[in-house]
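Trainee: Just dropping this structure here.
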Amino acid sequence: MMKSFKLGVAALALSTGLAQAGDVEVLHWWTSGGEAAALNVLKDDLSGQGIGWQDMPVAGGGGTQAMTVLRARVTSGNAPTAVQMLGFDITDWAKEGALANLNDIAADKNWDAVVPEALQKFAKYDGKWVAAPVNVHSTNWVWANKKLMDELGIAQPQTWDEFVAALQKVKDAGYTALAHGGQAWQDATIFDAVAMSTGGADFYQKAFVDLDEAALGSDTMKEAFDRMTTLRGFVDDNFSGRDWNLATAMVINNEAGFQLMGDWAKGEFLNAGKTPNQDFLCYRFPGTQSQVTFNSDQFAMFDQNGKVSDEQAALAGAILSPTFQIAFNKVKGSVPARTDLDVSELDACGQQGYEEFKAASASGNLYGSFAHGHANKAAIKNAMYDVITAHFNGEYDSATAVQELVSAVQINK
Ligand code: BGC
(Lines give C-alpha, C1' and ligand atoms only; values in the text may rest on other atoms or scores of the structure.)
Protein backbone atom coordinates (compact mmCIF):
# COMPACT_ATOMS: atom_id res chain seq x y z
CA MET A 1 0.00 0.00 0.00
CA MET A 2 2.68 2.41 1.16
CA LYS A 3 4.87 1.49 -1.79
CA SER A 4 2.27 2.12 -4.47
CA PHE A 5 1.40 5.43 -2.80
CA LYS A 6 5.07 6.42 -2.98
CA LEU A 7 5.32 5.34 -6.59
CA GLY A 8 2.21 7.35 -7.43
CA VAL A 9 3.64 10.43 -5.79
CA ALA A 10 6.92 9.96 -7.62
CA ALA A 11 5.11 9.66 -10.97
CA LEU A 12 3.14 12.83 -10.20
CA ALA A 13 6.32 14.61 -9.21
CA LEU A 14 7.97 13.57 -12.45
CA SER A 15 5.08 14.81 -14.53
CA THR A 16 4.92 18.17 -12.75
CA GLY A 17 8.67 18.55 -12.44
CA LEU A 18 8.27 19.39 -8.74
CA ALA A 19 10.11 17.59 -5.97
CA GLN A 20 7.86 16.08 -3.31
CA ALA A 21 8.67 15.85 0.38
CA GLY A 22 10.99 12.87 0.73
CA ASP A 23 12.58 13.46 -2.67
CA VAL A 24 15.55 15.38 -3.87
CA GLU A 25 15.60 16.82 -7.35
CA VAL A 26 19.16 16.87 -8.59
CA LEU A 27 20.29 18.87 -11.60
CA HIS A 28 23.55 17.54 -13.06
CA TRP A 29 25.38 16.85 -16.31
CA TRP A 30 26.56 13.33 -15.63
CA THR A 31 25.11 11.58 -18.66
CA SER A 32 27.97 9.45 -20.06
CA GLY A 33 28.23 5.74 -19.18
CA GLY A 34 30.95 6.23 -16.57
CA GLU A 35 29.25 9.29 -15.10
CA ALA A 36 25.88 7.54 -14.87
CA ALA A 37 27.51 4.59 -13.10
CA ALA A 38 29.00 6.99 -10.54
CA LEU A 39 25.70 8.79 -10.10
CA ASN A 40 24.03 5.47 -9.34
CA VAL A 41 26.30 5.10 -6.31
CA LEU A 42 24.80 8.32 -4.95
CA LYS A 43 21.21 7.39 -5.88
CA ASP A 44 21.59 4.01 -4.16
CA ASP A 45 23.04 5.61 -1.05
CA LEU A 46 20.05 7.93 -0.76
CA SER A 47 17.48 5.31 -1.56
CA GLY A 48 18.99 3.28 1.29
CA GLN A 49 17.96 6.20 3.50
CA GLY A 50 14.42 6.23 2.07
CA ILE A 51 15.00 9.34 -0.02
CA GLY A 52 13.64 9.40 -3.57
CA TRP A 53 15.63 10.81 -6.48
CA GLN A 54 14.22 13.04 -9.16
CA ASP A 55 16.70 13.16 -11.96
CA MET A 56 17.27 16.39 -13.87
CA PRO A 57 20.10 15.58 -16.28
CA VAL A 58 21.26 18.27 -18.70
CA ALA A 59 23.67 16.76 -21.21
CA GLY A 60 26.77 18.72 -22.15
CA GLY A 61 30.26 18.09 -20.80
CA GLY A 62 31.73 20.72 -18.53
CA GLY A 63 28.25 21.83 -17.49
CA THR A 64 27.73 24.95 -19.65
CA GLN A 65 24.24 23.86 -20.74
CA ALA A 66 23.35 22.74 -17.22
CA MET A 67 24.16 26.21 -15.91
CA THR A 68 21.90 27.80 -18.56
CA VAL A 69 19.03 25.52 -17.55
CA LEU A 70 19.67 26.29 -13.90
CA ARG A 71 19.44 30.03 -14.50
CA ALA A 72 16.10 29.56 -16.27
CA ARG A 73 14.74 27.37 -13.46
CA VAL A 74 15.73 29.82 -10.74
CA THR A 75 14.37 32.78 -12.70
CA SER A 76 11.00 31.06 -13.00
CA GLY A 77 10.94 30.46 -9.23
CA ASN A 78 11.46 26.71 -9.52
CA ALA A 79 14.99 26.03 -8.29
CA PRO A 80 16.01 22.35 -8.06
CA THR A 81 16.84 21.00 -4.60
CA ALA A 82 20.47 20.29 -5.36
CA VAL A 83 22.73 21.21 -8.24
CA GLN A 84 26.09 19.94 -9.47
CA MET A 85 28.31 22.99 -9.76
CA LEU A 86 31.89 24.03 -10.27
CA GLY A 87 34.06 26.67 -8.63
CA PHE A 88 33.02 30.26 -9.20
CA ASP A 89 29.48 29.25 -10.22
CA ILE A 90 28.97 28.21 -6.60
CA THR A 91 30.27 31.38 -5.03
CA ASP A 92 28.39 33.50 -7.59
CA TRP A 93 25.07 31.85 -6.68
CA ALA A 94 25.93 32.22 -3.01
CA LYS A 95 26.55 35.92 -3.59
CA GLU A 96 23.01 36.16 -4.94
CA GLY A 97 21.74 34.65 -1.69
CA ALA A 98 20.26 31.63 -3.45
CA LEU A 99 22.06 28.86 -1.56
CA ALA A 100 21.13 27.19 1.71
CA ASN A 101 23.39 27.40 4.73
CA LEU A 102 24.85 23.95 5.45
CA ASN A 103 26.77 24.98 8.57
CA ASP A 104 24.85 22.68 10.93
CA ILE A 105 25.61 19.54 8.99
CA ALA A 106 29.18 20.75 8.31
CA ALA A 107 29.79 21.26 12.03
CA ASP A 108 28.17 17.95 12.89
CA LYS A 109 30.37 16.08 10.41
CA ASN A 110 33.51 18.15 10.96
CA TRP A 111 33.91 19.25 7.34
CA ASP A 112 36.26 22.09 8.29
CA ALA A 113 38.88 19.60 9.41
CA VAL A 114 38.67 17.10 6.55
CA VAL A 115 37.91 19.07 3.37
CA PRO A 116 41.07 20.62 1.86
CA GLU A 117 41.40 24.38 1.84
CA ALA A 118 41.44 24.50 -1.96
CA LEU A 119 37.89 23.09 -2.03
CA GLN A 120 36.62 25.09 0.93
CA LYS A 121 37.42 28.21 -1.06
CA PHE A 122 34.47 27.32 -3.28
CA ALA A 123 32.26 25.37 -0.86
CA LYS A 124 32.07 28.23 1.65
CA TYR A 125 30.88 31.75 1.19
CA ASP A 126 30.95 34.44 3.81
CA GLY A 127 31.76 31.90 6.53
CA LYS A 128 28.90 29.58 5.53
CA TRP A 129 29.11 26.18 3.90
CA VAL A 130 26.95 26.40 0.77
CA ALA A 131 27.98 23.24 -1.08
CA ALA A 132 29.10 19.68 -0.40
CA PRO A 133 32.20 18.71 -2.44
CA VAL A 134 31.87 15.25 -3.92
CA ASN A 135 35.30 14.87 -5.52
CA VAL A 136 38.47 16.34 -6.93
CA HIS A 137 39.15 15.97 -10.64
CA SER A 138 42.18 17.25 -12.45
CA THR A 139 42.48 18.30 -16.04
CA ASN A 140 46.15 17.93 -16.99
CA TRP A 141 46.08 14.23 -17.85
CA VAL A 142 47.05 12.23 -20.91
CA TRP A 143 45.14 8.97 -21.54
CA ALA A 144 47.04 6.60 -23.78
CA ASN A 145 46.13 3.30 -25.41
CA LYS A 146 48.65 0.80 -24.01
CA LYS A 147 48.40 -1.66 -26.90
CA LEU A 148 49.23 1.03 -29.47
CA MET A 149 52.02 2.44 -27.31
CA ASP A 150 53.60 -1.03 -27.06
CA GLU A 151 53.05 -1.80 -30.73
CA LEU A 152 54.70 1.46 -31.79
CA GLY A 153 57.39 1.48 -29.09
CA ILE A 154 56.26 4.78 -27.58
CA ALA A 155 57.49 5.55 -24.06
CA GLN A 156 55.82 8.10 -21.83
CA PRO A 157 56.62 11.51 -23.39
CA GLN A 158 58.35 13.80 -20.89
CA THR A 159 58.44 16.98 -22.93
CA TRP A 160 56.30 18.76 -25.51
CA ASP A 161 58.71 17.74 -28.31
CA GLU A 162 58.58 14.11 -27.26
CA PHE A 163 54.81 14.28 -27.17
CA VAL A 164 54.64 15.71 -30.70
CA ALA A 165 57.01 12.96 -31.90
CA ALA A 166 54.75 10.35 -30.27
CA LEU A 167 51.64 11.81 -31.90
CA GLN A 168 53.43 11.75 -35.26
CA LYS A 169 54.31 8.09 -34.81
CA VAL A 170 50.71 7.17 -34.10
CA LYS A 171 49.50 9.20 -37.08
CA ASP A 172 52.10 7.65 -39.40
CA ALA A 173 50.94 4.20 -38.35
CA GLY A 174 47.45 5.03 -39.65
CA TYR A 175 45.63 5.63 -36.37
CA THR A 176 44.02 8.81 -35.12
CA ALA A 177 46.77 10.34 -33.00
CA LEU A 178 44.62 12.56 -30.82
CA ALA A 179 41.03 11.63 -29.96
CA HIS A 180 39.24 14.91 -29.47
CA GLY A 181 35.79 16.39 -29.56
CA GLY A 182 35.53 19.85 -31.08
CA GLN A 183 33.43 21.55 -28.43
CA ALA A 184 34.50 24.80 -26.80
CA TRP A 185 34.91 23.35 -23.31
CA GLN A 186 37.01 20.45 -24.64
CA ASP A 187 39.26 22.79 -26.63
CA ALA A 188 39.70 24.83 -23.45
CA THR A 189 40.43 21.71 -21.40
CA ILE A 190 43.35 20.96 -23.73
CA PHE A 191 44.47 24.57 -23.64
CA ASP A 192 44.51 24.41 -19.83
CA ALA A 193 47.33 21.86 -19.93
CA VAL A 194 49.07 23.29 -22.99
CA ALA A 195 49.26 26.77 -21.42
CA MET A 196 50.56 25.39 -18.12
CA SER A 197 53.18 23.35 -19.97
CA THR A 198 54.22 26.19 -22.27
CA GLY A 199 54.55 28.94 -19.69
CA GLY A 200 54.81 27.17 -16.34
CA ALA A 201 52.94 27.76 -13.13
CA ASP A 202 53.71 31.47 -12.69
CA PHE A 203 52.52 32.22 -16.20
CA TYR A 204 49.33 30.21 -15.61
CA GLN A 205 48.67 32.09 -12.39
CA LYS A 206 49.26 35.49 -13.95
CA ALA A 207 47.30 34.89 -17.15
CA PHE A 208 44.35 32.78 -16.03
CA VAL A 209 43.91 33.62 -12.35
CA ASP A 210 45.16 37.20 -12.05
CA LEU A 211 44.11 38.09 -15.61
CA ASP A 212 47.29 40.08 -16.02
CA GLU A 213 47.25 41.79 -19.41
CA ALA A 214 50.95 41.40 -20.04
CA ALA A 215 50.75 37.63 -19.51
CA LEU A 216 47.55 37.31 -21.53
CA GLY A 217 49.11 39.22 -24.41
CA SER A 218 52.57 37.65 -24.18
CA ASP A 219 54.71 35.75 -26.66
CA THR A 220 54.30 32.77 -24.33
CA MET A 221 50.55 32.90 -24.91
CA LYS A 222 51.18 33.02 -28.65
CA GLU A 223 53.39 29.95 -28.33
CA ALA A 224 50.62 28.18 -26.42
CA PHE A 225 48.23 28.93 -29.28
CA ASP A 226 50.84 27.72 -31.79
CA ARG A 227 50.97 24.44 -29.88
CA MET A 228 47.19 24.19 -30.18
CA THR A 229 47.63 24.52 -33.96
CA THR A 230 50.11 21.65 -33.82
CA LEU A 231 47.60 19.50 -31.89
CA ARG A 232 44.88 20.42 -34.38
CA GLY A 233 46.98 18.62 -36.99
CA PHE A 234 46.62 15.35 -35.07
CA VAL A 235 42.83 15.10 -34.70
CA ASP A 236 40.68 13.17 -37.18
CA ASP A 237 38.37 14.75 -39.77
CA ASN A 238 35.23 14.06 -37.74
CA PHE A 239 36.28 15.73 -34.52
CA SER A 240 33.87 18.63 -34.75
CA GLY A 241 31.08 18.51 -32.15
CA ARG A 242 32.03 15.04 -30.89
CA ASP A 243 31.21 14.39 -27.22
CA TRP A 244 34.21 13.82 -24.96
CA ASN A 245 33.17 10.29 -24.02
CA LEU A 246 33.03 9.29 -27.69
CA ALA A 247 36.59 10.56 -28.01
CA THR A 248 37.53 8.41 -25.00
CA ALA A 249 35.85 5.46 -26.74
CA MET A 250 38.24 5.90 -29.68
CA VAL A 251 41.18 5.31 -27.33
CA ILE A 252 39.35 2.43 -25.63
CA ASN A 253 38.62 0.79 -29.02
CA ASN A 254 42.21 0.99 -30.32
CA GLU A 255 41.30 3.62 -32.91
CA ALA A 256 43.28 6.45 -31.34
CA GLY A 257 46.51 6.80 -29.41
CA PHE A 258 45.83 9.59 -26.94
CA GLN A 259 43.18 11.75 -25.37
CA LEU A 260 43.90 14.89 -23.34
CA MET A 261 41.12 15.11 -20.80
CA GLY A 262 40.30 15.34 -17.13
CA ASP A 263 40.16 12.12 -15.15
CA TRP A 264 36.43 11.71 -15.72
CA ALA A 265 37.78 9.99 -18.87
CA LYS A 266 39.01 7.22 -16.58
CA GLY A 267 35.39 6.59 -15.61
CA GLU A 268 34.75 5.62 -19.25
CA PHE A 269 37.72 3.23 -19.38
CA LEU A 270 36.59 1.57 -16.16
CA ASN A 271 32.99 1.39 -17.32
CA ALA A 272 34.26 -0.44 -20.44
CA GLY A 273 36.05 -2.97 -18.20
CA LYS A 274 39.52 -1.61 -18.86
CA THR A 275 42.38 -1.61 -16.34
CA PRO A 276 45.07 1.06 -15.83
CA ASN A 277 48.57 0.00 -16.89
CA GLN A 278 47.18 -3.05 -18.70
CA ASP A 279 44.83 -1.48 -21.24
CA PHE A 280 45.47 2.21 -20.80
CA LEU A 281 48.02 4.57 -19.31
CA CYS A 282 47.49 7.77 -17.37
CA TYR A 283 50.12 10.42 -16.96
CA ARG A 284 50.43 14.15 -16.59
CA PHE A 285 50.59 16.29 -19.68
CA PRO A 286 54.30 16.60 -20.59
CA GLY A 287 55.79 19.64 -18.92
CA THR A 288 53.18 19.71 -16.13
CA GLN A 289 54.48 16.75 -14.13
CA SER A 290 54.69 18.76 -10.90
CA GLN A 291 51.47 20.69 -11.31
CA VAL A 292 47.85 19.80 -10.82
CA THR A 293 45.06 21.85 -12.38
CA PHE A 294 42.02 20.72 -10.47
CA ASN A 295 38.27 21.08 -10.45
CA SER A 296 35.86 19.84 -7.84
CA ASP A 297 32.27 18.81 -8.42
CA GLN A 298 30.19 20.09 -5.58
CA PHE A 299 26.49 19.93 -4.84
CA ALA A 300 25.00 23.26 -3.88
CA MET A 301 21.62 23.16 -2.14
CA PHE A 302 19.13 25.79 -3.18
CA ASP A 303 17.48 27.57 -0.31
CA GLN A 304 14.01 26.16 0.43
CA ASN A 305 12.09 28.79 2.38
CA GLY A 306 15.09 29.83 4.41
CA LYS A 307 15.98 26.41 5.77
CA VAL A 308 17.75 23.24 4.78
CA SER A 309 15.26 20.43 4.20
CA ASP A 310 15.83 17.00 5.76
CA GLU A 311 16.46 15.60 2.31
CA GLN A 312 19.07 18.24 1.51
CA ALA A 313 20.81 17.55 4.82
CA ALA A 314 20.76 13.82 4.09
CA LEU A 315 22.18 14.37 0.60
CA ALA A 316 24.93 16.66 1.89
CA GLY A 317 25.80 14.22 4.68
CA ALA A 318 25.89 11.27 2.28
CA ILE A 319 28.14 13.09 -0.16
CA LEU A 320 30.93 13.65 2.33
CA SER A 321 30.68 10.37 4.21
CA PRO A 322 33.98 8.42 4.03
CA THR A 323 32.48 5.23 2.63
CA PHE A 324 30.56 7.07 -0.06
CA GLN A 325 33.62 9.14 -1.03
CA ILE A 326 35.60 5.99 -1.76
CA ALA A 327 32.75 4.10 -3.43
CA PHE A 328 31.84 7.04 -5.67
CA ASN A 329 35.31 8.24 -6.66
CA LYS A 330 36.40 4.71 -7.54
CA VAL A 331 33.80 4.75 -10.29
CA LYS A 332 33.89 8.42 -11.31
CA GLY A 333 37.63 8.62 -11.99
CA SER A 334 38.14 11.42 -9.50
CA VAL A 335 39.71 11.34 -6.03
CA PRO A 336 38.05 12.01 -2.67
CA ALA A 337 37.21 15.51 -1.49
CA ARG A 338 38.59 14.68 1.96
CA THR A 339 42.24 14.31 2.87
CA ASP A 340 41.81 11.82 5.72
CA LEU A 341 40.93 8.68 3.78
CA ASP A 342 42.73 5.43 3.04
CA VAL A 343 42.68 5.32 -0.76
CA SER A 344 44.19 1.86 -1.21
CA GLU A 345 40.93 0.76 -2.86
CA LEU A 346 41.44 3.24 -5.70
CA ASP A 347 43.15 2.01 -8.87
CA ALA A 348 46.71 3.00 -9.84
CA CYS A 349 45.67 6.25 -11.58
CA GLY A 350 43.43 7.19 -8.66
CA GLN A 351 46.17 6.63 -6.12
CA GLN A 352 48.60 8.60 -8.25
CA GLY A 353 46.06 11.42 -8.64
CA TYR A 354 45.40 11.58 -4.90
CA GLU A 355 49.13 11.71 -4.06
CA GLU A 356 49.79 14.32 -6.74
CA PHE A 357 46.90 16.46 -5.54
CA LYS A 358 48.27 16.45 -2.01
CA ALA A 359 51.87 17.03 -3.16
CA ALA A 360 50.90 19.90 -5.47
CA SER A 361 48.88 21.45 -2.68
CA ALA A 362 51.83 21.23 -0.26
CA SER A 363 54.35 22.64 -2.75
CA GLY A 364 52.18 25.50 -4.03
CA ASN A 365 51.62 23.81 -7.39
CA LEU A 366 47.88 23.33 -7.17
CA TYR A 367 45.86 25.56 -9.49
CA GLY A 368 42.13 25.79 -10.09
CA SER A 369 41.44 24.84 -13.72
CA PHE A 370 40.41 27.89 -15.73
CA ALA A 371 38.60 25.68 -18.25
CA HIS A 372 36.44 24.23 -15.47
CA GLY A 373 35.45 27.39 -13.68
CA HIS A 374 37.99 27.34 -10.87
CA ALA A 375 40.08 30.34 -11.87
CA ASN A 376 37.51 32.96 -12.75
CA LYS A 377 33.81 33.67 -13.02
CA ALA A 378 31.76 32.18 -15.85
CA ALA A 379 31.73 35.33 -18.00
CA ILE A 380 35.54 35.29 -18.24
CA LYS A 381 35.68 31.53 -18.72
CA ASN A 382 33.13 31.63 -21.53
CA ALA A 383 34.85 34.58 -23.22
CA MET A 384 38.10 32.58 -23.17
CA TYR A 385 36.30 29.53 -24.56
CA ASP A 386 35.14 31.58 -27.56
CA VAL A 387 38.65 32.70 -28.46
CA ILE A 388 40.28 29.31 -27.90
CA THR A 389 37.71 27.48 -29.96
CA ALA A 390 37.72 30.05 -32.79
CA HIS A 391 41.50 29.68 -32.97
CA PHE A 392 41.32 25.88 -32.86
CA ASN A 393 38.92 25.96 -35.79
CA GLY A 394 41.23 28.17 -37.82
CA GLU A 395 39.22 31.42 -37.57
CA TYR A 396 42.14 33.24 -35.92
CA ASP A 397 45.85 32.83 -36.31
CA SER A 398 47.81 32.70 -33.06
CA ALA A 399 48.70 36.41 -33.01
CA THR A 400 45.05 37.38 -33.51
CA ALA A 401 43.95 34.89 -30.86
CA VAL A 402 46.28 36.53 -28.34
CA GLN A 403 44.82 39.98 -29.08
CA GLU A 404 41.27 38.61 -28.92
CA LEU A 405 42.00 36.95 -25.59
CA VAL A 406 43.24 40.21 -24.10
CA SER A 407 40.18 42.13 -25.25
CA ALA A 408 37.73 39.34 -24.31
CA VAL A 409 39.06 39.49 -20.75
CA GLN A 410 39.03 43.30 -20.67
CA ILE A 411 35.39 43.41 -21.74
CA ASN A 412 34.20 40.77 -19.27
CA LYS A 413 36.29 41.63 -16.22
C1 BGC B 1 33.03 17.74 -14.35
C2 BGC B 1 33.06 16.23 -14.39
C3 BGC B 1 32.40 15.76 -15.68
C4 BGC B 1 33.04 16.44 -16.87
C5 BGC B 1 32.45 16.02 -18.20
C6 BGC B 1 33.59 18.32 -15.62
O7 BGC B 1 33.44 19.72 -15.59
O8 BGC B 1 33.78 18.20 -13.26
O9 BGC B 1 32.42 15.68 -13.29
O10 BGC B 1 32.49 14.36 -15.74
O11 BGC B 1 32.88 17.83 -16.74
O12 BGC B 1 31.12 16.28 -18.26
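The values are calculated or read from the model by the stated rules, or taken from the named source; none is laboratory data. Bear in mind that the values here come from a model prediction, so they are computed numbers and not experimental data. Here Cβ is always computed from backbone atoms with ideal geometry, including for glycine, and neighbour counts include all displayed protein chains. Surface accessibility is based on the protein's heavy atoms, side chains included, excluding ligands, DNA and RNA. Shrake-Rupley method; radii C 1.70, N 1.55, O 1.52, S 1.80 Å.
Trainee: Given the DSSP H assignment, sum -39500 (n - 2.57) over each helix run of at least 4 residues in the chain and divide by its residue total; what's the result at 222 nm in deg cm²/dmol, nearest 500? Intermediate results must be reported in sequence, preceding the final value.
Mentor: Working: 19 runs with 210 residues, N = 413.
Estimated from H runs of four or more residues: -15500 deg cm²/dmol.
Trainee: Output the 0 to 90 degree angle, nearest 10, between the alpha-carbon long axis of helix 33-47 and the longest principal axis computed from the alpha carbons of the chain.
Mentor: Compared with the principal axis, the helix lies near 20 degrees.
Trainee: Oh, and also: Lys pairs in region 111-174, Cα-Cα under 22 Å, at least 8 apart or on separate chains: how many?
Mentor: Lysine pairs, 8 or more places apart or on different chains, close enough: 4.
Trainee: Each residue of region 383-389 in turn: what ³J(HN,Hα) in whole Hz from Karplus with 6.51, -1.76, 1.60 and θ = phi - 60°, glycine and Pro shown as x?
Mentor: 5, 5, 3, 4, 5, 4, 6
Trainee: Which ³J(HN,Hα) values, rounded to whole Hz and listed in residue order, are derived for region 331-347 from phi using the Karplus coefficients 6.51, -1.76 and 1.60 in 6.51 cos²θ - 1.76 cosθ + 1.60 with θ = phi - 60°, glycine and proline given as x?
Mentor: 8, 6, x, 8, 10, x, 8, 10, 9, 9, 9, 7, 9, 5, 7, 6, 6
Trainee: Sticking with this structure for a sec: Quick check: from the Cα gyration tensor, does region 304-345 come out rounded (a/c under 1.5), prolate or oblate?
Mentor: prolate
Trainee: Then there's this: Starting from the Cα gyration tensor of region 256-413, take the square roots of the eigenvalues, sort them a ≥ b ≥ c, and report rounded, prolate or oblate (rounded when a/c is under 1.5, otherwise prolate if a/b is larger than b/c, else oblate).
Mentor: Oblate.
Trainee: For Gly182, what residues show an amide H to amide H distance below 5 Å, using hydrogens built from the backbone and excluding near sequence neighbours?
Mentor: Ser240, Gly241, Arg242
Trainee: Still on this model: Taking the Cβ-Cβ separation of Asp126 and Arg71 as r and a Förster radius of 35 Å, what is the calculated FRET efficiency to the nearest 0.05?
Mentor: 0.95
Trainee: So, in nm, how far is label Ser398 from label Asn103 when the simple model puts each one 7 Å beyond its Cα toward the Cβ?
Mentor: Computed distance between label sites Ser398 and Asn103 equals 5.1 nm.
Trainee: Please build a GNM for the chain, connecting alpha carbons under 10 Å apart, and tell me which residue among Gly257, Gly241, Gly33 fluctuates the most.
Mentor: Taking springs between Cα atoms under 10 Å, the residue moving most is Gly241.
Trainee: Using amide H atoms built in the peptide plane, which far-off residues or other-chain residues are under 5 Å from Leu99 H to H?
Mentor: Hits under the 5 Å cutoff: Asp303.
Trainee: From the Cα trace of region 89-143, what convex hull volume per residue do you get, rounded to a whole Å³?
Mentor: Details: hull volume 5.3 nm³, N = 55.
In region 89-143, the Cα hull volume divided by residue count equals 97 Å³.
Trainee: Output wanted: per-residue J couplings in Hz (rounded whole) for region 185-193, from phi through Karplus 6.51 cos²θ - 1.76 cosθ + 1.60, θ = phi - 60°, x for Gly and Pro.
Mentor: For region 185-193, the Karplus curve yields 5, 6, 4, 5, 4, 5, 4, 3, 6 Hz.
Trainee: Using only Cα atoms, find the angle between the long axis of helix 64-75 and the longest principal axis of the chain, and express it within 0 to 90 degrees, rounded to the nearest 10.
Mentor: The helix 64-75 is inclined about 30 degrees to the chain.
Trainee: Sticking with this one: Would you mind computing, in nm to one decimal, how far apart the modelled labels at Glu151 and Gln410 are, each placed 7 Å from Cα along Cα→Cβ?
Mentor: 5.0 nm
Trainee: Follow-up question, since we're still on this one. Pull up all non-local amide H partners of Gly52: gap of 5 or more, or a different chain, and H-to-H distance under 5 Å with H placed in the peptide plane.
Mentor: Asp23, Val24
Trainee: Summarise the long-distance tail of P(r) for region 121-219 by giving the % of C-alpha pairs beyond 16 Å.
Mentor: Looking at region 121-219, the distances longer than 16 Å represent 70 percent of pairs.
Trainee: Could you check the spin-label model distance between Ala173 and Val209? Points 7 Å from the Cα along Cα→Cβ, value in nm.
Mentor: Between Ala173 and Val209, the simple spin-label model gives 3.8 nm.
Trainee: If you average the sequence gap of Cα pairs under 8 Å that are 6 or more apart and divide by the length of region 138-226, what percent do you get for the contact order?
Mentor: Relative contact order comes out at 22 percent.
Trainee: Could you work out the mean projected area of the convex hull around the alpha carbons of the chain, in square nanometres to one decimal?
Mentor: Average of the hull's projected areas for the chain equals 19.7 nm².
Trainee: Then there's this: Could you please state how large a percent of the accessible area of region 154-194 is carbon and sulfur, counting protein chains only and using a 1.4 Å probe?
Mentor: Here it works out to 49 percent.
Trainee: May I pose another question? Figure the gain on full extension for Asp386 and Asn277 (residue separation times 0.36 nm, minus the Cα-Cα span) and round it to one decimal in nm. Don't skip to the answer; put the middle values down first.
Mentor: Values: separation 109, 0.36 × 109 = 39.24 nm, distance 3.59 nm.
Result for the pair: 35.6 nm of gain on full extension.
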